[in-house]
């Protein structure tokens, strides 16, 4: 056996593995490991923004305070999180840009949407800069070449 | 509830602190919205020693580079999964929006392996 092969898994062996009946049959994701801080691409694979957080609600859209009710991810959230990552806390609810989970078509290295980024609130800064700044620069209204 | 409020939150049970929430486990088996099922919260990954996590070495079969694996596996030893049904209260900042929540578990909750996939079947979901 190659010395590079180390068969012993780091996962604790003394804890029972979660049976499928409790875990569910779908694809398993860990929020921090597989979703948060991933890039969000639109239907044309154009970068839209990054996934900063997730909104979790009950099945009927209610708020959660205990685990008595099943919890589901309802929206992807993006917003001005740089300062709160450094100093703590999180942006107020009014500052989040929300993308419904219904727009998600694939989760991989990036999160892919089934809609065009042009129509999302998450890209309004880019659109404003394009229309009000870039467009006023000579040659800024057409592709180079 | 903002999922990020749960991350790094202290976890309490039976009157004592067990550790910190390092991640939230989801499974894509909720109501179908658009083309995909909505992710359902299965449980919380709790580490006794640190609220930070890095690359998920403690829940996958990945064991290279060996030095990084050994350090991070040691750093996160004792990490366990607790089911969402065992959470009896999420209080504090999660309700006020300040981001410093506290998670309470029911007495007699069960600890499960944090492995993403059954051992030996690969690390990728």
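The values are calculated or read from the model by the stated rules, or taken from the named source; none is laboratory data. Here the structure is a predicted model, which is why all the values come from computation and not from measurement. Neighbour counts run over all protein chains shown; Cβ positions are idealised from the backbone, glycine included.
Within region A:60-77, if we keep just the residues that are part of a strand (DSSP E or B) and crowded, with 20+ Cβ neighbours inside 10 Å, the residue that is farthest from the other protein chains (Cβ to nearest Cβ) turns out to be A:76. Scanning region B:37-78 for residues that are assigned to a loop (DSSP other than H, G, I, E, B) and closer than 28 Å to residue A:101 by Cα, we see that the one that is nearest to the other protein chains (Cβ to nearest Cβ) is B:56. Could you tell me whether any residue of region A:43-59 is assigned to a loop (DSSP other than H, G, I, E, B) and modelled with pLDDT under 90? Yes, region A:43-59 has at least one match. Only one of the listed residues (B:32, B:27) is at pLDDT 90 or above, in a strand (DSSP E or B) and either closer than 21 Å to residue A:75 by Cα or more than 8 Å from chain A (Cβ to nearest Cβ) (or both). That residue is B:27. Within region A:118-145, residues that are over 23 Å from residue A:45 (Cα atoms) reach partners that are part of a loop (DSSP other than H, G, I, E, B) with beta carbons closer than 8 Å, at six or more positions or on different chains, in the pairs A:135/A:141. Restricting attention to region A:78-94, and to residues there that are part of a loop (DSSP other than H, G, I, E, B) and either under 13 Å from the mean Cα position of the chain (by Cα) or free of Cβ contacts under 8 Å to residues at least 24 places away in the same chain (or both), which single residue is nearest to the other protein chains (Cβ to nearest Cβ)? If we take residues in region A:78-94 being part of a loop (DSSP other than H, G, I, E, B) and either under 13 Å from the mean Cα position of the chain (by Cα) or free of Cβ contacts under 8 Å to residues at least 24 places away in the same chain (or both), then A:89 is nearest to the other protein chains (Cβ to nearest Cβ). Among all residues of region B:79-100, there is at least one that is buried (at least 19 other Cβ atoms within 10 Å of the Cβ), in a loop (DSSP other than H, G, I, E, B), more than 7 Å from chain A (Cβ to nearest Cβ) and at pLDDT 60 or above.
Among the criteria (1) over 22 Å from residue A:54 (Cβ atoms); (2) in contact with a strand residue (DSSP E or B) (Cβ under 7 Å, 6 or more places away or on another chain); (3) crowded, with 16+ Cβ neighbours inside 10 Å, the one residue B:17 does not fulfil is (3). Against the test of being surrounded by fewer than 16 Cβ atoms within 10 Å (Cβ to Cβ) and at pLDDT 90 or above, the options B:107, B:10, B:39 yield a single qualifying residue, B:107. Condition (residue is part of a strand (DSSP E or B), in contact (Cβ under 8 Å) with a residue 24 or more places away in the chain and either farther than 17 Å from residue B:1 by Cα or in contact with a helix residue (DSSP H, G or I) (Cβ under 8 Å, 6 or more places away or on another chain) (or both)) applied to region A:19-32: is it met by at least one residue? Yes: one or more hits.
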